[in-house]
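> I'd like to ask you about the structure that follows.
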Amino acid sequence: MQSSQAPTLSASYFDGTNGRARPVTLQVEGDQLLVHGENFHLSVPLRKVQWPERTRYGLRVAHFTEGGSVQCAEAAAWDDWSSRSGRGDSLVVTMQQSWRWVMASALALVLLLVAIQQWGLPVAARAVVAVTPLSVDSKLGETSLAAIDEHLMRPSRLAAAEQARLREAFAKAVGAMPAGSVPSWQLVFRRSRIGPNAFALPGGTMVMTDELVELVGRDDKVITAVLAHELGHVRHRHGLRMLVQVTALGGLAAMVVGDFSTVLAGVPVLLGQASYSRDAEREADQESVRILKAAGISPAVMVTLFERIAAKKNDEKKDAGKAGQSGRASEDGKPGETLPDQDSWLGIAFASHPADVERVRFFMDAAAER
Ligand SMILES: [Zn+2]
């Protein structure tokens, strides 16, 4: 007997002992699933029905815990009957099925991470760095320099006297700063694969490439300006702050995504790949101007440097274009000795981030002020 109001669905019944399908109609009445066939009636309590997962396509099969099952090849008809019978899907299932919901969740996650990185993490990272002993910076710096020396840098070809002259020029400039306002530092020179560049490691070791010294014609004022900028990164402990920020963000993403291995694997290359925030660069530029002014050097020297770096990059682009047109391979022919575009990958290095209009104007304005 079918009751009149409850929606029905045509399905097949299997009793679980033989493979024979019986045509039946299904109805939900109260807390019972009624299965009607020809000369056959079955009433199964709903709690003893294992309802099918609602996948998008395919056969719908409901198993009875005490044996037997019903199935329906028309998924849409089943779903329609199921929901009209008051068996709406749980909220989670509904959401999982909606690609819109999936997209929205993914977007929300990205926005959350961006927001934390933009506003929450920098603040948190500052706090973490403030309570971290300076010895941690030094240790990180040592480890990084060892790795850099092994993979990227060669010993400098600058004469020892020349190195000493540049070191003294910078020491003199820094010496004009109020006592205690300058972190401890050391300056090393290296021949590099990253072209004319300079960077500071956590702990105060600053690395300057021979190529940068050559690019500025060994001008100690310009070199002092670059080093003063790098010393700003050291003073504000930007290296450690960035590591804290990037690893914390990675950790958060890992918690959400459930994969920690990527975070751990990433730590050694972070210093190479990440770059300082614009705020950090601004702070370093301000420090540079402070030192230059204390030393009586015009901040305009920095603009000269920006121009030289830009001109060099332009030349390289032109050369690369010519080589491409004539189809020539690199002439020195030693693989491993040449790495095109080397200067762009070391994110924390001076020449790796572009000198935009804002930075140029900052140094021009500083030079114009008395
Ligand atoms: Zn910088």
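The values are calculated or read from the model by the stated rules, or taken from the named source; none is laboratory data. No experiment lies behind these values; they were computed from the predicted model shown. Glycine gets a Cβ as well: all are built from the backbone with ideal geometry, and neighbour counts include every protein chain shown.
> Which ones in region 22-31 are out of contact with any helix residue (DSSP H, G or I) (no Cβ under 9 Å at 6 or more places or on another chain) and free of Cβ contacts under 8 Å to residues at least 40 places away in the same chain?
Across region 22-31, the qualifying residues are 22, 23, 25, 29.
> Going through 142, 162, 150, 168 one at a time, which residue ends up being in the same structural domain as residue 290 (by TED's automatic domain parsing), acidic (Asp, Glu), touching a residue at least 60 places away in the same chain (Cβ under 8 Å) and out of contact with any Pro (no Cβ under 8 Å at 6 or more places or on another chain)? Outline the logic, then answer.
On the way: 162 fails: touching a residue at least 60 places away in the same chain (Cβ under 8 Å); 150 fails: touching a residue at least 60 places away in the same chain (Cβ under 8 Å); 168 fails: touching a residue at least 60 places away in the same chain (Cβ under 8 Å).
142 is the lone residue from the list that is in the same structural domain as residue 290 (by TED's automatic domain parsing), acidic (Asp, Glu), touching a residue at least 60 places away in the same chain (Cβ under 8 Å) and out of contact with any Pro (no Cβ under 8 Å at 6 or more places or on another chain).
> Can you confirm whether residue 228 is within 15 Å of the ligand (Cβ to nearest atom), within 17 Å of residue 302 (Cα to Cα) and modelled with pLDDT of 95 or more? Outline the logic, then answer.
On the way: within 15 Å of the ligand (Cβ to nearest atom): yes; within 17 Å of residue 302 (Cα to Cα): yes; modelled with pLDDT of 95 or more: yes.
For residue 228, the condition - within 15 Å of the ligand (Cβ to nearest atom), within 17 Å of residue 302 (Cα to Cα) and modelled with pLDDT of 95 or more - is met.
Yes/no per residue for (1) modelled with pLDDT of 80 or more; (2) loosely packed, with under 14 Cβ neighbours inside 10 Å; (3) not hydroxyl-bearing (Ser, Thr, Tyr):
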{"site": "70", "(1), (2), (3)": "yes, no, yes"}
{"site": "77", "(1), (2), (3)": "yes, no, yes"}
{"site": "82", "(1), (2), (3)": "yes, no, no"}
{"site": "94", "(1), (2), (3)": "no, yes, no"}
{"site": "113", "(1), (2), (3)": "no, no, yes"}
{"site": "121", "(1), (2), (3)": "no, no, yes"}
{"site": "125", "(1), (2), (3)": "no, no, yes"}
{"site": "155", "(1), (2), (3)": "yes, yes, yes"}
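> Ok, one more. Of the residues that make up region 49-65, is at least one in contact with a helix residue (DSSP H, G or I) (Cβ under 9 Å, 6 or more places away or on another chain) and β-branched (Val, Ile, Thr)?
Within region 49-65 (the criterion being in contact with a helix residue (DSSP H, G or I) (Cβ under 9 Å, 6 or more places away or on another chain) and β-branched (Val, Ile, Thr)), the answer is yes, since at least one residue qualifies.
> What single numbered condition from (1) away from the ligand (no atom under 13 Å from the Cβ); (2) touching a helix residue (DSSP H, G or I) at 6+ places or on another chain (Cβ under 9 Å); (3) within 26 Å of residue 169 (Cα to Cα) fails to hold for residue 310?
It is condition (2) that residue 310 fails.
One line per residue, one yes/no per condition, for (1) in contact with a Ser or Thr (Cβ under 7 Å, 6 or more places away or on another chain); (2) aromatic (Phe, Trp, Tyr):
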site: 170; (1), (2): yes, yes
site: 183; (1), (2): no, no
site: 202; (1), (2): no, no
site: 210; (1), (2): yes, no
site: 214; (1), (2): no, no
site: 220; (1), (2): no, no
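> Still on this structure: Which members of region 132-174 meet the condition of being of a type in the set (S, T, N, Q) and in contact with a helix residue (DSSP H, G or I) (Cβ under 6 Å, 6 or more places away or on another chain)?
Looking only at region 132-174, we keep the residues that are of a type in the set (S, T, N, Q), and these are 132, 135, 138, 143-144, 156, 163.
Scanning region 132-174 gives 144, 156.
> Do any residues in region 277-296 that are at negative phi and among the basic types (Lys, Arg) have Cβ atoms under 9 Å from those of residues that are more than 15 Å from the ligand (Cβ to nearest atom) and part of a helix (DSSP H, G or I), where the two are at least six apart or on different chains, and which pairs are they?
293/366
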